[in-house]
Amino acid sequence: MTSMTPANRRVLVAKPRGYCAGVDRAVQAVEKALEQYGAPIYVRKQIVHNTHVVRTLEERGAIFVDETEQVPEGAIVVFSAHGVSPEVHREAARRSLRTIDATCPLVTKVHNEAKRFASQDYDILLIGHEGHEEVEGTAGEAPDHIQLVDGLESVGTVQVRDPERLVWLSQTTLSVDETVETVSRLKERFPNLIDPPSDDICYATQNRQVAVKEIAAQAELVIVVGSENSSNSKRLVEVALDHGADASYLVDDASLIQDAWLDGVTTVGVTSGASVPEELVAGVLARLARNGFEDVEEVESVEENVRFALPHELRKNLRVTAV
């Protein structure tokens, strides 16, 4: 094997990467609640799918629970960015919980679409991953009208009441290419399948996939920073492999990078999922620099400037505090 010198090793860093507007809003919601009300603040499920973010918020006084029944009556609970079903809201009301809904507005859009199509008696094919919190929340909006389509292999088992009154929706964090293929297969079976009024896959998921395609075409190895339970991060690994990278790995942080991955590699691509703080990417770049990858170039594919306001419950309370 030809020995490599630091001079011919480089890193291509994808932009955009990391926090999306929905994640930033959700994490800020917990931070503001802790500032406003003090610890503890309860959070149903992980606020976003990143182990480092969750650990940091736990250190500040957030308590993460699986269900609202684990929250003491009358306490404050934050709902995660992935959204919850109406039943979760009802259970919180029964327990007199004070709720802060940090659901991403783009997930709320899908919820509203589900309710609208169900009210018009459509069957709804929800493309997504079984067991994902976002899917459970959306399906809970219209359980009698929604059936899950989890990958191409599920298309053949779909049964509908009326193929003339049929619409598809999707989880917001899917692979764009795979979703297009799934919809295409569904339309082979159901030619009159209606598209949602606007794209359900979120802007940030799409932008990060576009960006990773560009660096994957130029890199032998792509490192994706993100947690194993992050759907959008795992999709970035798949997209990188599909678009030119010889290898791609998902790592929570720099400590998981193995020297063997770098053997014979001249160009490494680096990106991060939508729930990953930038400090973790910085750690990966520092780790690569120690292996001679000191030439770092940021590759911007899409300009991103979306921002979301804080949940209205916090904005209302913050205004009162400011008076």
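Restricting Ser248, Ser230 to residues that are open to solvent by less than 40 Å² (accessible area, probe 1.4 Å) and within 14 Å of the chain's Cα centre (by Cα) narrows the list to Ser230.
Quick one: in the stretch 143-188, of everything that is in a loop (DSSP other than H, G, I, E, B) and buried (at least 20 other Cβ atoms within 10 Å of the Cβ), which residue is farthest from the chain's Cα centre (by Cα)? Lay out the reasoning, then the answer.
Quick first cut of the stretch 143-188, residues in a loop (DSSP other than H, G, I, E, B) only: 143-145, 150-151, 158-165, 171-175.
So of that shortlist, the ones also buried (at least 20 other Cβ atoms within 10 Å of the Cβ) come out as 145, 171-175.
Details: His145: 25, Gln171: 9, Thr172: 7, Thr173: 5, Leu174: 9, Ser175: 11 Å.
So, considering only residues that are in a loop (DSSP other than H, G, I, E, B) and buried (at least 20 other Cβ atoms within 10 Å of the Cβ), the one farthest from the chain's Cα centre (by Cα) is His145.
Summed over the stretch 153-195, residues that are modelled with pLDDT under 95 and either in contact with a Lys or Arg (Cβ under 6 Å, 6 or more places away or on another chain) or over 27 Å from Leu241 (Cβ atoms) (or both) total 1.
Applying the criterion of being farther than 15 Å from Gln258 by Cβ and without any contact (Cβ under 8 Å) to a residue 40 or more places away in the chain to the residues of the stretch 284-299, the residue that is surrounded by the most Cβ atoms within 10 Å (Cβ to Cβ) is Ala289. Could you give me the residue pairs with C-beta distances under 8 Å whose first residue belongs to the stretch 148-167 and is of a type in the set (Val, Ile, Thr), whose second residue is open to solvent by 60 Å² or more (accessible area, probe 1.4 Å) and not in a loop (DSSP other than H, G, I, E, B) wherever it lies, and which are 6+ apart or on separate chains? Sorted first by the residue in the stretch 148-167, then by its partner, the pairs are Val155/Arg185; Val155/Arg189; Val158/Arg189.
Would you point out which residue out of Lys32, Lys45 is at pLDDT 95 or above and more than 16 Å from the chain's Cα centre (by Cα)? It would help to see each step written out before you state the result.
Details: Lys45 fails: more than 16 Å from the chain's Cα centre (by Cα).
Exactly one residue qualifies, and that residue is Lys32.
Within the stretch 39-66, the residues that satisfy the criterion of being within 25 Å of Ser233 (Cα to Cα) and open to solvent by 70 Å² or more (accessible area, probe 1.4 Å) are Arg55, Thr56, Glu58, Glu59, Asp66. Of the residues making up the stretch 110-127, those that are assigned to a helix (DSSP H, G or I) and in contact (Cβ under 8 Å) with a residue 24 or more places away in the chain are Val110, His111, Glu113, Ala114, Lys115, Phe117, Ala118. Summed over the stretch 87-132, the residues that are under 22 Å from Lys32 (Cβ atoms) and crowded, with 18+ Cβ neighbours inside 10 Å give a count of 11.
Condition check ((1) in contact with a Leu (Cβ under 9 Å, 6 or more places away or on another chain); (2) closer than 24 Å to Arg90 by Cα; (3) at pLDDT below 95; (4) part of a helix (DSSP H, G or I)) across all residues:
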residue: Met4; (1), (2), (3), (4): yes, no, yes, no
residue: Ala26; (1), (2), (3), (4): no, yes, no, yes
residue: Val53; (1), (2), (3), (4): no, no, no, yes
residue: Leu57; (1), (2), (3), (4): yes, no, no, yes
residue: Ile63; (1), (2), (3), (4): no, yes, no, no
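For the stretch 106-125, filtering for residues that are touching a His at 6+ places or on another chain (Cβ under 8 Å) and of a type outside the set (D, E, K, R) leaves 6.
Look at the stretch 50-62: where a residue is farther than 14 Å from Glu279 by Cα and a partner is surrounded by 13 or more Cβ atoms within 10 Å (Cβ to Cβ), sitting 6+ places away or on another chain with Cβ atoms under 6 Å, you get Val54/Gln46; Leu57/Val30; Arg60/Leu34; Gly61/Leu34; Gly61/Pro40; Ala62/Val30; Ala62/Ile41; Ala62/Val43.
Of all the listed residues (Glu141, Glu130, Glu136), the sole one being in contact with a Lys or Arg (Cβ under 7 Å, 6 or more places away or on another chain), within 22 Å of Val107 (Cβ to Cβ) and without any contact (Cβ under 8 Å) to a residue 60 or more places away in the chain is Glu141.
The values are calculated or read from the model by the stated rules, or taken from the named source; none is laboratory data. The shown structure was predicted, so the numbers you read here are calculated from the model rather than taken from an experiment. Cβ atoms come from the backbone with ideal geometry, glycine included; neighbour counts cover every protein chain shown. All accessible areas refer to the heavy atoms of the entire protein, side chains included, with ligands and DNA or RNA removed. Shrake-Rupley method; radii C 1.70, N 1.55, O 1.52, S 1.80 Å.
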